[in-house]
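Quick one: the structure is below, questions incoming.
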Amino acid sequence: MSTIEIRDVSVRIMHAEILIGVSLDVPSGEWLALIGPNGAGKTTILRAIAGLTPFDGTIRLDGADVARMTAKQRARTVAIVPQRPVLPPPMTVFEYVLLGRTPYIRYFDTETANDLAVARDALARLDIAPFADRQLGSLSGGEQQRVVLARALAQQAPILLLDEGTSALDIGSQQQVLELVEDMRLSDGFTVVSPMHDLTLAGQFAHTLALISRGRVIIVGGPDEVLTVEMIREHYGAEVRVMQDGEGLVVSPVRAARVRR
Ligand code: ADP
Ligand code: MG
């Protein structure tokens with residue numbers, strides 16, 4: 001379990017200010033959804049937490065300053081599932097999941113029996129053990145998502161950064177992946193930070209939502225506070241209805257013709 005403290009983080013690339021004074025806290029074992037329009041800076045926040053982009057300000061993971069951690073320490077603390085993972089087509093599922101053990105294997109050493117067991121366990125947990133010898137290029141989108149999650153699980157890092165990987169999946173596969181992440185959070189105590197496009201799903205899965213727009217945090221709170229018609233109009237330029245359905249909020253687009261009426 002790990003807490004994340006982001007304090008006054010700014011990222012500038014060339015002359016563009018990509019993040020401006022971002023401060024966020026994620027308590028141990030909780031799920032924070034980052035919402036906001038394309039280009040708002042959500043992925044950049046993940047890259048800063050993972051130590052993959054230089055930034056001003058401070059990020060602490062369980063009290064440890066990310067900027068002072070070695071690459072290996074960071075890899076043992078944070079697993080990142082990128083938006084478009086690089087999956088070498090000829091590599092097998094097992095070989096790929098075993099890459100999650102890299103931060104534990106010493107240079108010039110090979111994996112131990114424990115590394116192999118952890119990788120096999122990750123495959124079993126995500127129900128992809130029968131795919132172990134399949135080549136990555138032969139998998140469907142939903143299967144690939146599970147393989148990438150299995151690699152993150154094998155990494156045994158307490159913080160999981162999951163970037164909008166589910167947006168290209170059909171509604172069933174999307175739901176299954178998010179449920180798997182929720183299972184991993186509950187059973188292993190992962191702290192999850194995930195940019196999410198689907199606002200209804202964000203409200204269903206995350207404890208807290210942070211709306212990011214033009215590099216700034218606009219509002220942080222529960223679904224009721226953040227998923228409002230006004231917020232979504234102002235920052236996405238979208239007309240929606242927000243309905244309560246007993247389980248949570250449903251955010252549904254409204255046709256332009258009806259808006260005008
Ligand atoms: P989001 O994930 O919210 O869609 P990103 O964090 O990917 O947004 O990007 C935020 C902004 O930063 C975008 O305008 C993007 O073009 C810009 N950006 C991100 N990475 C780079 C980079 N390496 N060089 C220049 N601009 C970048
Ligand atoms: Mg992004």
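Count, please, the residues in region 6-24 that happen to be exposed (fewer than 15 other Cβ atoms within 10 Å of the Cβ) and either among the aliphatic types (A, V, I, L, M) or within 19 Å of VAL220 (Cα to Cα) (or both).
Selection size over region 6-24: 7.
Also, I was wondering about something else. Only one of these is at pLDDT 95 or above and away from ligand 1 (no atom under 15 Å from the Cβ): ASP109, ASP25, ASP62. Name it.
Answer to the check: ASP25.
Regarding LEU116, is this residue closer than 15 Å to ALA154 by Cβ and free of Cβ contacts under 8 Å to residues at least 24 places away in the same chain?
Taking the combined requirement at face value, the residue satisfies it.
If you don't mind, another one. Assuming VAL78 fulfils every condition listed in (1) among the β-branched types (Val, Ile, Thr); (2) closer than 16 Å to PRO158 by Cβ; (3) within 15 Å of ligand 1 (Cβ to nearest atom); (4) at pLDDT 95 or above apart from one, which condition is it?
(3)
In addition: What do you reckon, is LEU32 away from ligand 2 (no atom under 13 Å from the Cβ) and either at positive phi or in a strand (DSSP E or B) (or both)?
The answer is yes for LEU32.
Can you tell me which of (1) surrounded by fewer than 16 Cβ atoms within 10 Å (Cβ to Cβ); (2) more than 16 Å from ligand 2 (Cβ to nearest atom); (3) farther than 26 Å from SER187 by Cα; (4) modelled with pLDDT under 95 is the one ARG84 doesn't meet?
(2)
Please name all residue pairs, on different chains or six or more residues apart, with Cβ atoms under 6 Å, provided the first residue is in region 61-83 and is in contact (Cβ under 8 Å) with a residue 60 or more places away in the chain and among the charged types (D, E, K, R) and the second residue is surrounded by 14 or more Cβ atoms within 10 Å (Cβ to Cβ) and not in a helix (DSSP H, G or I).
ASP62/SER2; ASP62/THR3; ARG76/ALA157
Restricted to region 42-67, and to residues that are within 16 Å of ligand 2 (Cβ to nearest atom) and small (Gly, Ala, Ser), which residue is surrounded by the fewest Cβ atoms within 10 Å (Cβ to Cβ)?
ALA50
Here's something else I'd like to know. Say we look at region 125-173 and pick out the residues that are modelled with pLDDT of 90 or more and within 16 Å of ligand 1 (Cβ to nearest atom); which of these is farthest from LEU87 (Cα to Cα)?
Checking each candidate, the answer is LEU161.
Output the strands (runs of 3 or more DSSP E) that fall wholly within region 147-261 and possess 2 or more residues being buried (at least 20 other Cβ atoms within 10 Å of the Cβ) and touching a Ser or Thr at 6+ places or on another chain (Cβ under 6 Å), or say none.
Of the strands (runs of 3 or more DSSP E) lying wholly inside region 147-261, those with at least 2 residues that are buried (at least 20 other Cβ atoms within 10 Å of the Cβ) and touching a Ser or Thr at 6+ places or on another chain (Cβ under 6 Å) span 159-162.
Quick one: MET91 ticks every box in (1) within 29 Å of ILE45 (Cβ to Cβ); (2) more than 16 Å from ligand 1 (Cβ to nearest atom); (3) not basic (Lys, Arg) bar one, so which box is it?
Result: MET91 fails condition (1) only.
Might you check whether a residue that is within 30 Å of VAL251 (Cβ to Cβ), away from ligand 1 (no atom under 15 Å from the Cβ), of a type in the set (Phe, Trp, Tyr) and in contact (Cβ under 8 Å) with a residue 24 or more places away in the chain occurs anywhere in region 28-39?
Within region 28-39 (the criterion being within 30 Å of VAL251 (Cβ to Cβ), away from ligand 1 (no atom under 15 Å from the Cβ), of a type in the set (Phe, Trp, Tyr) and in contact (Cβ under 8 Å) with a residue 24 or more places away in the chain), the answer is yes, since at least one residue qualifies.
The values are calculated or read from the model by the stated rules, or taken from the named source; none is laboratory data. Fair warning: this is a prediction, and the values are worked out from it, not measured in the lab. Quick reminder, even Gly has a Cβ in these numbers, built from the backbone with ideal geometry, and neighbours come from all protein chains shown.
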